[in-house]
Amino acid sequence: MPVDPDGAGSYEVADGVIAMVDGTGGTATVRRVDPASGEDLWSVPLPDVAVPAEVEVGQGGSLVSVSSTSAPATVILDAADGRVVWRGAVKGVGSGVRTLGDLVLLDVGEGTAAIDVPAGAIRWQTQAFVEVFDTRLIVDDSKSFGLLDPATGHPSRTVPRELFSDAHVFGDTFVVTSDLDGPEDSVSAYDLATGALLWQTPLEHLGRAEVTSVDDGTVLVDGGDSAGNGMYVLALSTGKVNWEAEGDGTAIRVDGQPHVLNERGDRLDVRRGVTGELVGSMPSPGERTPRVVGGALYYDEEGKVLAVRLPELVGQWEVALTDRVGAIRTVVPRGFVVEYPTAGSGGELVGYVD
């Protein structure tokens, strides 16, 4: 089922949602496509959004935003039914939309606008990126990370930020990485209520690190893609390193249990999240990015799509595609959606179902 955006439009696939904006006729129409059938789940004309326009999927697949690239006009819709949540004369860019209660956060220019949905107005705006962690707002102004007051947009507490730092909030604990000069870097935890330093753990070769949750009491620090960087799993309460490995790490859930997908050199391993025990291993898919959905790992290789059972990393099936080279964008019940590059339009989405 080919699904190709027409006119001056774009598409986005994220969190199982396929959203497309069509620019035929000079104004935008946004639609959500059923990944399993290619049919429209809903379609909404947006006469106030000039084309060309871009579409973004945000907040775990719950919101869709459409912004004109030539004029300040943005519309935010509920991904479930296409209902318009907010529209305004701002130019949205970047990684989509996030919500916190009645606030919708939209990337605009070099910063973030906080939209008060009931009031239909922008409550505050900041020249920095703002991220939502559960009920907290964290601002990154490139010099520091700060806990933001949702009512005013003012930071109530800040911690220093190094060039390639990352931050994550786990309950009342604020975890920040520091890429320092030389091989020894660090990760630190702060009490959000008081700002007090709870612990600091030296780590080696972090680079462009990323902090994520393994489970409620365990943190994964991935050191980045550069050669020599590693990954570390730490106890949130103490900063003690439970285990470490070379390569990249991604936290996943298999049958509700925490695991870490560890890609190192020419191997791809699955390890138990808290202990690091090896439970599965296979050759690495290389430059092809694997997708983990519903207890299986999917990747494309030399004109084939392969499904691998987790956590054992045992092959389940493989399907030969057409003679084109594509990349998996999302997995659907009994199938998957592949993106093929095409001249002019940037790409074509094709769904395969049994």
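Structure above, values below:
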| read-out | value |
| --- | --- |
| Qualifying residue in the stretch 163-185 (condition: at pLDDT below 80 and either touching a helix residue (DSSP H, G or I) at 6+ places or on another chain (Cβ under 9 Å) or under 17 Å from ASP141 (Cβ atoms) (or both)) | yes |
| Lone qualifier among GLY303, GLY295 - being farther than 22 Å from ASP34 by Cα and in contact with an Asp or Glu (Cβ under 9 Å, 6 or more places away or on another chain) | GLY303 |
| Test set (1) touching a Ser or Thr at 6+ places or on another chain (Cβ under 9 Å); (2) under 30 Å from TYR299 (Cβ atoms); (3) surrounded by fewer than 21 Cβ atoms within 10 Å (Cβ to Cβ) - TYR232 fails condition number | (3) |
| Residue that is surrounded by the fewest Cβ atoms within 10 Å (Cβ to Cβ), among those in the stretch 251-265 that are touching a Pro at 6+ places or on another chain (Cβ under 9 Å) and part of a strand (DSSP E or B) | GLN257 |
| Among (1) assigned to a loop (DSSP other than H, G, I, E, B); (2) without any contact (Cβ under 8 Å) to a residue 60 or more places away in the chain; (3) of a type in the set (Val, Ile, Thr), the one test that VAL274 misses | (2) |
| Residues satisfying the stated conditions in the stretch 103-148, i.e. among the charged types (D, E, K, R) and either closer than 20 Å to VAL169 by Cβ or in a strand (DSSP E or B) (or both) | ASP107, ASP116, ARG123, GLU131, ASP134, ARG136, ASP140, ASP141, LYS143 |
| Residue that is modelled with the lowest pLDDT, among those in the stretch 62-86 that are of a type outside the set (A, V, I, L, M), surrounded by fewer than 18 Cβ atoms within 10 Å (Cβ to Cβ) and closer than 21 Å to ILE18 by Cα | THR69 |
| Single unsatisfied condition, ARG157 versus (1) in a strand (DSSP E or B); (2) within 24 Å of ASN229 (Cα to Cα); (3) at pLDDT below 85 | (2) |
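The values are calculated or read from the model by the stated rules, or taken from the named source; none is laboratory data. In this text the structure is predicted, and so the values were computed from the model without any measurement. When we count neighbours, we look across all protein chains shown, and the Cβ atoms used for this are built from the backbone with ideal geometry, even at glycine.
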